[in-house]
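The structure under discussion appears below in the form of structure tokens.
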Protein chains: 4
Amino acid sequence: MTIKIIAVIGAGDAEGELLSTAEEVGRLIAQNGAVMVCGGLGGVMEAAARGAKSLGGLTLGILPGLDKNDANPYIDVPVTTGMGDMRNAVIVRTADVLIAVGGAYGTLSEIALALKTGKTVIGINTWDIKGTIMAESAEEAVNKALASLKL
Amino acid sequence: MTIKIIAVIGAGDAEGELLSTAEEVGRLIAQNGAVMVCGGLGGVMEAAARGAKSLGGLTLGILPGLDKNDANPYIDVPVTTGMGDMRNAVIVRTADVLIAVGGAYGTLSEIALALKTGKTVIGINTWDIKGTIMAESAEEAVNKALASLKL
Amino acid sequence: MTIKIIAVIGAGDAEGELLSTAEEVGRLIAQNGAVMVCGGLGGVMEAAARGAKSLGGLTLGILPGLDKNDANPYIDVPVTTGMGDMRNAVIVRTADVLIAVGGAYGTLSEIALALKTGKTVIGINTWDIKGTIMAESAEEAVNKALASLKL
Amino acid sequence: MTIKIIAVIGAGDAEGELLSTAEEVGRLIAQNGAVMVCGGLGGVMEAAARGAKSLGGLTLGILPGLDKNDANPYIDVPVTTGMGDMRNAVIVRTADVLIAVGGAYGTLSEIALALKTGKTVIGINTWDIKGTIMAESAEEAVNKALASLKL
């Protein structure tokens with residue numbers, strides 16, 4: 001299977017520049033033909049999904065609850081896990097590489113689970129955890145994410 | 001969210017008529033504009049995905065393992081849960097309605113979980129569990145599934 | 001590890017004879033030095049836990065919710081999974097052998113998952129699923145469960 | 001339910017002082033009548049379980065795999081989740097309060113999930129994550145953990 005899946009992780013209540021960065025990350029993911037997976041809710045997740053949809057990309061939302069109406073309007077495929085934050089592990093496992101944009105404790109748990117299993121995590125303005133590859137912009141983050149998939 | 005998600009559940013080692021039925025179910029799901037979700041592996045799952053893709057439908061595979069290469073070639077979006085059979089609950093939760101085509105114990109667990117939460121299960125040549133709505137053909141099954149979504 | 005773990009599965013709203021049977025099953029599990037695991041709630045689960053505790057047995061409740069106060073008063077160790085019915089798979093995986101006493105759809109999902117993975121399921125007055133070993137009494141059920149562990 | 005459950009989290013390959021600290025934490029948990037829950041494997045998990053058992057405490061191991069023989073010899077009740085690292089969320093949810101002793105990425109994911117849901121995390125020589133309450137010794141850690149339960 002050659003499809004590439006890139007996760008965008010970040011806070012559901014992010015604001016300002018984080019949102020425009022996440023949207024740009026989403027756009028670039030779609031532009032590069034990858035599927036965008038996220039937690040399906042608001043904030044960074046919604047911005048990334050909006051960006052991906054703006055270029056016709058495919059978006060997957062792995063939701064904590066049981067109601068697909070919880071998904072933001074830019075999610076093509078809502079997966080209603082009913083697992084709460086435990087679904088973070090499903091996002092991490094489904095992604096080939098992860099891009100963290102800002103983020104609070106939930107994002108931190110995803111970064112940790114990803115690094116635990118040896119997945120590449122690119123971080124923009126996020127937790128400074130050893131092993132995360134930092135980027136200054138959406139473009140740099142997506143480029144680094146794509147590069148990691150070619151190894 | 002108006003997208004409809006229909007699960008096709010059944011054995012990974014099904015043969016013969018069950019496969020052609022599952023493929024026809026997949027085709028009809030796609031023809032009706034719904035997303036087809038399944039367990040992502042072979043047998044009934046692969047036949048249904050092949051059917052859906054033959055008409056350009058979108059297919060979601062919720063896999064038991066961690067490797068998306070386990071997905072059959074007709075899965076657009078593989079979700080690698082790493083949860084083993086426990087992922088059956090994610091399939092059930094993600095689906096608006098389920099169509100069982102044949103099936104062994106795994107399918108039975110899905111039928112049970114779905115009925116437990118009040119979801120409609122249409123069955124073709126499958127476990128005779130009280131609460132399941134039986135159908136004789138792929139067409140009848142998909143029609144009944146779609147009808148349940150309009151209630 | 002030589003500890004034996006026997007699951008008692010059945011409906012949370014069971015009544016009458018099913019409860020006295022479940023309580024006797026719990027007693028016999030404790031008498032034989034095994035740990036009793038169940039879903040931690042009422043009905044058959046509570047009766048089995050009460051039986052096990054009456055003889056000083058150890059009881060493990062694997063709960064669907066996040067609040068350990070949901071556990072019945074006879075549970076020594078509550079595991080709050082927050083996974084809803086998905087936690088049925090954890091009960092099945094944790095048990096060496098399962099005894100079903102009556103039961104509705106949730107129990108059926110557990111029977112199916114257990115049989116799928118080759119675990120022995122003893123049934124009293126429960127779903128007649130091929131592969132389940134039927135028993136007429138608590139004593140017969142526990143004896144058959146214990147016998148299966150010595151193979 | 002008045003039983004208190006304290007998690008001890010930390011690396012499976014910890015060495016030296018971390019192990020003696022974890023063992024002392026386990027002892028103090030048992031001495032205070034609480035149940036000790038951990039991931040059930042080696043390193044910090046085994047040391048904490050050994051400490052708890054040395055004073056007759058009850059130990060619960062929530063394992064990533066399906067084989068209860070993976071549990072260290074000091075685990076009374078092994079829960080075989082088969083969920084891999086995703087089981088970290090079950091540990092967090094089951095615990096009333098968590099004590100992190102050292103730890104790598106897996107521990108970090110648990111700290112993050114716990115803080116996300118507002119649970120108290122006491123840390124000894126572990127990740128410096130905002131919200132974690134640091135302690136210098138096993139005694140200080142357990143005292144702080146117990147104090148948090150009385151609030």
**Report entry** Peptide D:109-122, shielding by other chains (average Cβ, 10 Å cutoff)
**Finding:** 5
Query raised in the report: In the Gaussian network model of chain B, springs joining C-alpha atoms below 10 Å, which of B:GLY82, B:GLY123, B:GLY16 carries the largest mean-square fluctuation?
Result: B:GLY16
Query raised in the report: How many lysine pairs in chain A, separated by 8 or more positions in sequence or lying on different chains, have Cα atoms less than 21 Å apart?
Result: 13
Requested in this report: Report, for C:GLU15, each distance to the same residue's label point in the other copies, shortest first and in nm; define the point 7 Å along Cα→Cβ.
Outcome: 4.8, 5.6, 6.4
Report task. With a 1.4 Å probe and every protein chain left in place, tell me how much accessible area A:GLU140 has, in Å² to the nearest 10. Result -> 60
Report task. Provide the solvent-accessible area of B:ASP13, counting protein heavy atoms only and rolling a 1.4 Å probe, rounded to the nearest 10 Å². Result -> 120
Requested in this report: Decide, for segment B:5-149, between rounded, prolate and oblate: order the square roots of the alpha carbon gyration tensor eigenvalues as a ≥ b ≥ c, take rounded if a/c falls under 1.5, and otherwise choose prolate if a/b is larger than b/c, else oblate.
Outcome: rounded
**Report entry** Residue-averaged beta-carbon neighbours from other chains (10 angstrom radius) around B:98-105
**Finding:** 2
Query raised in the report: Counting only other chains, what is the mean number of Cβ atoms within 10 angstrom of the Cβ of each residue in peptide C:69-81?
Result: 5
Report summary line: So, in nm and shortest first, the distances from B:ALA147 to its counterparts in the other copies, with label points 7 Å along Cα→Cβ, work out as 4.8, 5.9, 6.7
Query raised in the report: What ranking of B:ARG87, D:ARG50 comes out by heavy-atom accessible area, probe 1.4 Å, highest first?
Result: D:ARG50, B:ARG87
Query raised in the report: If you take the square roots of the eigenvalues of the alpha-carbon gyration tensor of the protein assembly as shown and sort them as a ≥ b ≥ c, do you get rounded (a/c under 1.5), prolate (a/b over b/c) or oblate?
Result: oblate
Query raised in the report: Could the peptides B:57-66, C:99-108 be put in order, highest first, of the mean number of other beta-carbon atoms found within 10 Å of their residues?
Result: C:99-108, B:57-66
**Report entry** Probe 1.4 Å - accessible area at C:THR117, Å² to nearest ten
**Finding:** 90
Report summary line: For D:33-44, B:17-28, ranked highest to lowest by mean beta-carbon neighbours within 10 Å, the order is D:33-44, B:17-28
Query raised in the report: Chain D: which residue's Cβ hugs the D-to-B rotation axis most tightly, distance rounded to whole Å?
Result: D:MET83, 3
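The values are calculated or read from the model by the stated rules, or taken from the named source; none is laboratory data. Model, not experiment: these values are computed from the prediction. Reconstructed Cβ throughout: ideal geometry from the backbone, glycine too, with neighbour counts over all protein chains shown. Note: areas computed on protein heavy atoms with side chains; ligands, DNA, RNA excluded. Shrake-Rupley method; radii C 1.70, N 1.55, O 1.52, S 1.80 Å.
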